[in-house]
Each structure stands twice: as structure tokens, then as C-alpha cells.
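These notes concern the structure reproduced below.
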Amino acid sequence: MPCKDMTLFYSPASPFARKVIVLLHETGQLANVELFDVQLSPVSPSGDVIARNPSGKIPALELANGDTLHDSRVILDYLDHQHSGEPLIPRNGARRWQRLTLASLADAILDAAILIRYETFLRPQELHWPTWLDAQQEKIERALSELETQADTGQLQRFDIASISIACALGYLDFRQPQLGWRERFARLASWYEDISKRESMLSTQPPT
Ligand code: GSF
């Protein structure tokens with residue numbers, strides 16, 4: 001029985017943490033990691049997380065030697081170096097920068113969607129700033145349009161860090177913005193997402209209903 005020599009501070013609702021757990025599933029490393037579920041927000045941080053990550057954000061990965069890694073991109077890169085299979089993050093060359101940039105476009109969707117979530121869910125109604133919310137939503141729409149082009153030109157065929165990140169971003173939009181209707185505007189991306197969502201790693205990490 002492999003020992004759980006790492007602890008992942010996460011939440012089932014966190015799309016950034018979901019990326020990490022998807023990679024753990026895909027690389028056969030899940031049994032090595034203790035999942036530590038924390039409830040947190042910028043205004044109600046978790047003491048367990050702050051003790052390891054001053055930003056208070058999840059995911060954070062505590063290693064056997066007591067060191068903690070964050071953020072999700074660092075954790076993903078680290079874990080991708082711990083397995084013996086084909087790397088999910090290209091190790092060098094133009095492909096590495098291309099795929100990491102595409103993955104960061106997915107993270108940009110998540111950053112905007114999380115800002116919208118915090119503004120609408122946490123801030124008092126009278127403090128909501130529609131201009132801010134619209135600007136964040138436009139970032140999401142522009143990023144989805146680029147991802148549709150990428151899907152159209154076959155750039156999403158290879159399963160790697162970019163695919164994991166994009167799939168988790170789309171899953172988060174469905175989770176927090178079910179009324180968005182992105183599939184009607186981005187059909188190729190929707191078809192790609194329908195396929196990747198059938199993977200065991202995606203099925204077993206779906207956000208809570
Ligand atoms: C973003 C993590 C993040 O925003 C990463 O790991 O890639 N750049 C970081 N995490 C949120 C939870 S989430 O995934 O919804 C978080 O920890 N929010 C609490 C806070 O204090 O911002």
C-alpha cells in the first residue's frame with residue numbers, strides 16, 4: 001500500500017485544485033496524496049492553509065519533508081516530474097511554451113470567474129460594481145473564443161496540461177455560471193469538452209452538485 005507522503009489542501013469546488021487531482025488520477029499518483037478538504041474564502045481564510053501558504057489560497061501541496069508547494073501551476077509541474085509516464089507538461093522546446101500559455105489562458109478564465117464569484121457571492125449587494133463584473137465576463141468570452149479556434153485547428157487533440165486546464169475551466173463555468181450557455185456560441189469546444197469529460201479523472205472530480 002503506497003504511503004500517503006503528500007497532503008493536498010483542496011476543496012471539491014476549487015477548479016485550480018481539480019486540475020491537480022485530475023493530473024494525480026491520470027499519472028497514477030492519487031494513492032500517494034492525502035486530500036485535506038478546507039472551506040475558505042478571502043474573507044474567511046483557513047488557518048491550516050495560511051500556516052503553509054501566506055496567500056491563504058488552495059491548492060497547496062505539503063511534501064513529506066514539510067515543504068509546501070503552491071500555486072497550482074507549480075504543483076502540477078512538480079507532480080508531472082514524479083511519475084514515469086509521458087510528461088503532461090512538455091519538458092522543453094516551443095511546444096512547452098505553447099502548451100503552458102494555452103493552460104494559462106484557461107487559468108485566466110478561472111481567475112475572472114472566481115473574481116465574479118467573490119464579487120457576487122461575498123460582497124454586499126450595494127458594493128457590486130457592474131462595470132467590473134462585465135469586464136471580467138468579457139475576458140471569459142474572449143478566452144472562450146480563442147479556445148474555440150484552438151479546438152477548430154486541432155490544438156486540443158493531445159491530452160496534456162492545456163487540456164486538463166481547459167476542461168477544468170469549462171467545468172467551473174458550468175458549475176458557477178450554468179446560465180452562461182457557452183456551448184451555443186462555441187460548438188467545437190463543446191464537442192471537445194463532451195469527449196474529455198468522459199475520462200475517469202474528470203468523472204471522479206466533478207464539482208459538487
Ligand atoms: C489560484 C488559486 C485560487 O484562486 C492557483 O492555484 O493557480 N493562482 C492560484 N484558489 C481559490 C479557491 S478556488 O480555486 O476557487 C482560493 O484559494 N481562494 C481563497 C482566497 O483567499 O483567495
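Observations, loosely collected:
- Just one of the listed residues (Ile89, Ile116) is over 14 Å from the mean Cα position of the chain (by Cα) and away from the ligand (no atom under 13 Å from the Cβ), namely Ile89.
- Segments classed as helices (runs of 4 or more DSSP H), wholly inside segment 106-209, with at least 2 members that are at pLDDT 95 or above and within 23 Å of Pro90 (Cβ to Cβ): 130-152, 161-176, 187-196, 200-203
- If you filter segment 19-33 down to residues that are out of contact with any strand residue (DSSP E or B) (no Cβ under 8 Å at 6 or more places or on another chain) and within 16 Å of the ligand (Cβ to nearest atom), you find that the one that is nearest to Leu110 (Cα to Cα) is Lys19.
- Filtering Pro54, Pro45, Pro59, Pro15 for residues that are free of Cβ contacts under 8 Å to residues at least 12 places away in the same chain, within 9 Å of the ligand (Cβ to nearest atom) and out of contact with any Lys or Arg (no Cβ under 7 Å at 6 or more places or on another chain) leaves a single hit, Pro45.
The values are calculated or read from the model by the stated rules, or taken from the named source; none is laboratory data. Since the structure is predicted, the reported quantities are computational estimates derived from the model, not experimental observations. A quick note on method: Cβ atoms are made from the backbone with ideal geometry, for glycine too, and the neighbour counts reach across all protein chains shown.
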